[in-house]
Amino acid sequence: MARKPAAAKKPAKKPAATKTGKYEYILAAKRKGALEITFNRPDKLNALNEPMAGEIMDAMASVENDRKILCVILQGDERAFCAGADLSGFSDKPAERYDNYRARYNTRKNRLLFHYVQAFTKPVISAVEGYCLGGGFELAMFGDIIIAGEAAQFGLPEGRHSLIPGAGGTQNLPRIIGAALAKELIWTARRIGAEEALGLRIVNHVTPKGKALAKAREIVEQMMKIGPLSIMMSKQSIDRGLDMSLAQGFQQEADLSYLLTWSEDRKEGLTAFAERRPAKFKGQ
Ligand code: COA
């Protein structure tokens, strides 16, 4: 559980992938309906820094209007999905405090990313192997589905640094597992394994080590048979509805359902059913 003393550290592992192409801290590739974003700071356990957060948002923005891309998969490497916000960026000079306050709300990418993921109109699946801690865990919770390899470890250890989970963790975790358990995990900084996370409904599936991405891809393949507009609307209905009264939730569901009336895909879906053939959706 405890960090190894610096002297006993193994030499940093060779990066999982070479930093080439458009981005420095991530790799981004389109594959069968998904944009797969691989965090690529293996020597820092994929800790999130400002440029990395900006790159993730840039890559996601580039597929928002790409109709061939139905969803985004986030992943790290075998050792870490992401060990949280980069702790080396936590300095605060007294003379800059109010500038920092503004930046936290409006420009700091490490904060904007979480809300960007939450509001993304396409599903975000996190394929987690290894450490998924602090901001890494909070990022996965802002997404829609988490798949865990059996050696994955989840935790919110911010209290150890006298911080609190400040990227949604104190709000999202209690909504998933209940307030009492969330408080215990945050107040003890205990890391939980994949099976325990499954039992707590934090993750949808546990796979053998190294197979979380394969399971995420399998889910994407199944989603490809569903109308993409239907997925967008039901995602919004569920996410917004969790924060509304039940009556408001029913009303917005009716409105979002009606919005699909004008789509060509709805017509195609119903025609294909009547003609006993698979539907061909266009996302319009
Ligand atoms: N921010 C910046 N760097 C981080 C980091 C983070 N959140 N998490 C790990 N790293 C860096 C380490 O500093 C180390 O870098 P170095 O080799 O240049 O010194 C490298 O990643 C490997 O981590 P190390 O601590 O040596 O590995 P370990 O196997 O001994 O321990 C952890 C792994 C995950 C238990 C430990 O790294 C840790 O506790 N990380 C912080 C997790 C955290 O508190 N996250 C919440 C942040 S708000």
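Descriptive notes on the structure:
- Enumeration of residues in the stretch 24-46 that are touching a residue at least 40 places away in the same chain (Cβ under 8 Å), part of a loop (DSSP other than H, G, I, E, B) and more than 13 Å from the ligand (Cβ to nearest atom): Lys32, Gly33
- Residue within the stretch 54-74 that is outside any loop (DSSP other than H, G, I, E, B), surrounded by 14 or more Cβ atoms within 10 Å (Cβ to Cβ) and within 14 Å of the ligand (Cβ to nearest atom) present: no
- Hits in the stretch 189-218 (condition: in contact (Cβ under 8 Å) with a residue 12 or more places away in the chain and either assigned to a helix (DSSP H, G or I) or outside the structural domain of Cys71 (by TED's automatic domain parsing) (or both)): Ala194, Glu195, Ala197, Leu198, Ala212, Leu213, Lys215, Ala216, Arg217
- Residue check for Phe120: closer than 26 Å to Pro228 by Cβ, aromatic (Phe, Trp, Tyr) and either within 16 Å of the ligand (Cβ to nearest atom) or free of Cβ contacts under 8 Å to residues at least 40 places away in the same chain (or both): no
- Subset of the stretch 234-262 [under 19 Å from the mean Cα position of the chain (by Cα) and either in a helix (DSSP H, G or I) or surrounded by 14 or more Cβ atoms within 10 Å (Cβ to Cβ) (or both)]: Ser234, Lys235, Gln236, Ser237, Ile238, Asp239, Arg240
- For Glu221: the one exception among (1) surrounded by 14 or more Cβ atoms within 10 Å (Cβ to Cβ); (2) closer than 22 Å to Thr121 by Cβ: (1)
- Any hit, the stretch 146-166, residues being free of Cβ contacts under 8 Å to residues at least 24 places away in the same chain, in contact with a Ser or Thr (Cβ under 8 Å, 6 or more places away or on another chain) and surrounded by 13 or more Cβ atoms within 10 Å (Cβ to Cβ): no
- Scope the stretch 75-98; condition touching a helix residue (DSSP H, G or I) at 6+ places or on another chain (Cβ under 8 Å), over 22 Å from Gly33 (Cα atoms) and more than 13 Å from the ligand (Cβ to nearest atom); matching residues: Asp92
- Residue in the stretch 21-38 that is out of contact with any Leu (no Cβ under 8 Å at 6 or more places or on another chain), modelled with pLDDT under 95 and loosely packed, with under 10 Cβ neighbours inside 10 Å present: no
The values are calculated or read from the model by the stated rules, or taken from the named source; none is laboratory data. Because the structure is predicted, anything quoted here is derived from the model rather than measured. No Cβ is skipped: glycine too gets one built from the backbone with ideal geometry, and neighbour counts run over all protein chains shown.
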